[in-house]
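Working notes for the structure below.
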């Protein structure tokens, strides 16, 4: 037993090591390829253009603290020689605006999405082409704060090649984007495995909940990247998906913990559904009516996340006390979930205290992928062990239903096959076969030769019935064939003729002192009309009649 436990532990650590190695290798490859790209092919340099901007009143603009007025304007004198070869590039958040050169509109950013999507679009890059100037002029940016009580911002305003600026932004978000794509595909594959497992009776609900968590989390993280917003050209729609995904993340997370710990109480799931969908429905109604949108109601999402996080911690503590968790699952859950909770709290504090700095990096996003990786590895190991147990069960079933000497189905397989046939709807043929001279072979040539005769008969029977018939060895020298067609079917005569011909050829080729010989009896079986036992007796009687005729012929 100790050797078996040692082997199991060794297999577990081998799978764990290889899984972690693969995850780490993929992560590092992506990071080195995407995070350290060779840069853009577009030449030139970026020029900081954040100074000398002023309000209408003449006061200098501090881009770290823009006005919170509902509407205002900022302006700057431009140098035609410098600006003619550049584009005006910057990031914006929570503002709509129009850019003018002198009195001409050169760029307008006032999206018109459906009311349900709200107004927030996250952080979005802009590359504004400036018309060729023959002399100096004035740039105006006419700004509308989306949320007057909370100012938006413009960041990293510069003169740059617009293509290079956008490509650089796409490169910066490519790592997260591809990581999300991998996470989503990984979740989709797990979902397929879980659904297939349920179809075959394997109730691994944590696989389905884990796969859902991976897909929803990937959707949330990818909608936070600028790549999806830039490529789709609909930043507000992408941000709407971002808010909905963030609201939904707790549900599969809680379901995973409940499934993994074997918790049978339904009230945590009911409570989670009520709070989550209440937040989503209320946010949608408020956004549609214009009272407040998702961005302003994000505090509700944070409260919901905190409630469900408390539930998850409580379920884990109860499961630990009641010893319902395996050691492996305990390590995975405590590591992944505690890490997610800590980083989530840190990000909520950072978002609340200092919004602009929050945009640079999110610890919670990283912890989400760590959570997916750890639980994914756990599920991979569980699935591989489940597969190994399944293979072992198949081997044991094969041994239970197969005759060790001939490889044909044995008496247990024979009984199961007859039970299925009795519930069938079409005509079957029962063929009882009995080997002649076995006792004589054993007495004169030995039992080893007798076994050779038995194996040969089995091979000839199996090689003659090639239309998906089931072949059985039901006794020492007794065999049985179950065919799913009637005796009037041409296949019956063809198979019997083939069996006789193969036996004749074998005897001619080997010229044994005692020839290979069989007697058989066949009868049709109608499930709705006949009794299995009576039809087997009928086939057996016909076989013995043939055996008696063969004996009389020899005499």
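The values are calculated or read from the model by the stated rules, or taken from the named source; none is laboratory data. None of the values given here were measured: they were computed from a predicted structure. Every residue, glycine as well, gets a Cβ built from its backbone with ideal geometry; the counts of neighbours run over all protein chains shown.
Of note:
- Residue in the range 230-243 that is in a helix (DSSP H, G or I), within 16 Å of residue 309 (Cα to Cα) and assigned by TED's automatic domain parsing to the domain that holds residue 319 present: no
- For the range 46-67, the candidate set comprises residues that are part of a loop (DSSP other than H, G, I, E, B) and in contact with a helix residue (DSSP H, G or I) (Cβ under 8 Å, 6 or more places away or on another chain); within that set, the residue that is surrounded by the fewest Cβ atoms within 10 Å (Cβ to Cβ) is 64.
- Of the residues making up the range 464-486, those that are in a strand (DSSP E or B) and free of Cβ contacts under 8 Å to residues at least 60 places away in the same chain number 3.
Residues checked against (1) outside the structural domain of residue 220 (by TED's automatic domain parsing); (2) surrounded by 13 or more Cβ atoms within 10 Å (Cβ to Cβ); (3) in contact with a strand residue (DSSP E or B) (Cβ under 8 Å, 6 or more places away or on another chain); (4) part of a helix (DSSP H, G or I):
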site: 271; (1), (2), (3), (4): no, yes, no, yes
site: 275; (1), (2), (3), (4): no, yes, no, yes
site: 281; (1), (2), (3), (4): no, no, no, yes
site: 302; (1), (2), (3), (4): no, yes, no, yes
site: 311; (1), (2), (3), (4): no, yes, no, yes
site: 317; (1), (2), (3), (4): no, no, no, yes
site: 323; (1), (2), (3), (4): no, no, no, no
site: 343; (1), (2), (3), (4): no, yes, no, yes
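- The lone exception for residue 375 - which of (1) at pLDDT 70 or above; (2) within 30 Å of residue 302 (Cα to Cα); (3) part of a loop (DSSP other than H, G, I, E, B) it fails: (3)
- Within the range 498-509, being in contact with a helix residue (DSSP H, G or I) (Cβ under 9 Å, 6 or more places away or on another chain) and exposed (fewer than 15 other Cβ atoms within 10 Å of the Cβ) holds for 500, 501.
- The condition (being in contact (Cβ under 8 Å) with a residue 40 or more places away in the chain, in a helix (DSSP H, G or I) and touching a helix residue (DSSP H, G or I) at 6+ places or on another chain (Cβ under 8 Å)) is satisfied by just one residue among 449, 523, 456: 456.
- Residue match in the range 379-390 (condition: at pLDDT 65 or above, outside any loop (DSSP other than H, G, I, E, B) and under 30 Å from residue 122 (Cα atoms)): no
- The one condition from (1) touching a residue at least 40 places away in the same chain (Cβ under 8 Å); (2) part of a loop (DSSP other than H, G, I, E, B); (3) within 17 Å of residue 229 (Cα to Cα) that residue 169 does not meet is (2).
- Residues in the range 88-144 that are under 21 Å from residue 292 (Cβ atoms), surrounded by fewer than 16 Cβ atoms within 10 Å (Cβ to Cβ) and out of contact with any strand residue (DSSP E or B) (no Cβ under 9 Å at 6 or more places or on another chain): 112, 113, 114, 115, 116.
- Considering 291, 264, the condition of being assigned by TED's automatic domain parsing to the domain that holds residue 317, within 27 Å of the chain's Cα centre (by Cα) and not in a helix (DSSP H, G or I) is satisfied by 264 alone.
- Apart from one condition, residue 173 fits all of (1) in contact with a helix residue (DSSP H, G or I) (Cβ under 8 Å, 6 or more places away or on another chain); (2) surrounded by fewer than 16 Cβ atoms within 10 Å (Cβ to Cβ); the exception is (2).
- Residue satisfying all of: in the range 421-439; at pLDDT below 90 and assigned to a helix (DSSP H, G or I); farthest from residue 522 (Cα to Cα) among these: 439
- Taken over the range 56-77, the criterion of being over 15 Å from residue 145 (Cα atoms) and in contact with a strand residue (DSSP E or B) (Cβ under 7 Å, 6 or more places away or on another chain) is satisfied by 56, 60, 61, 75, 76, 77.
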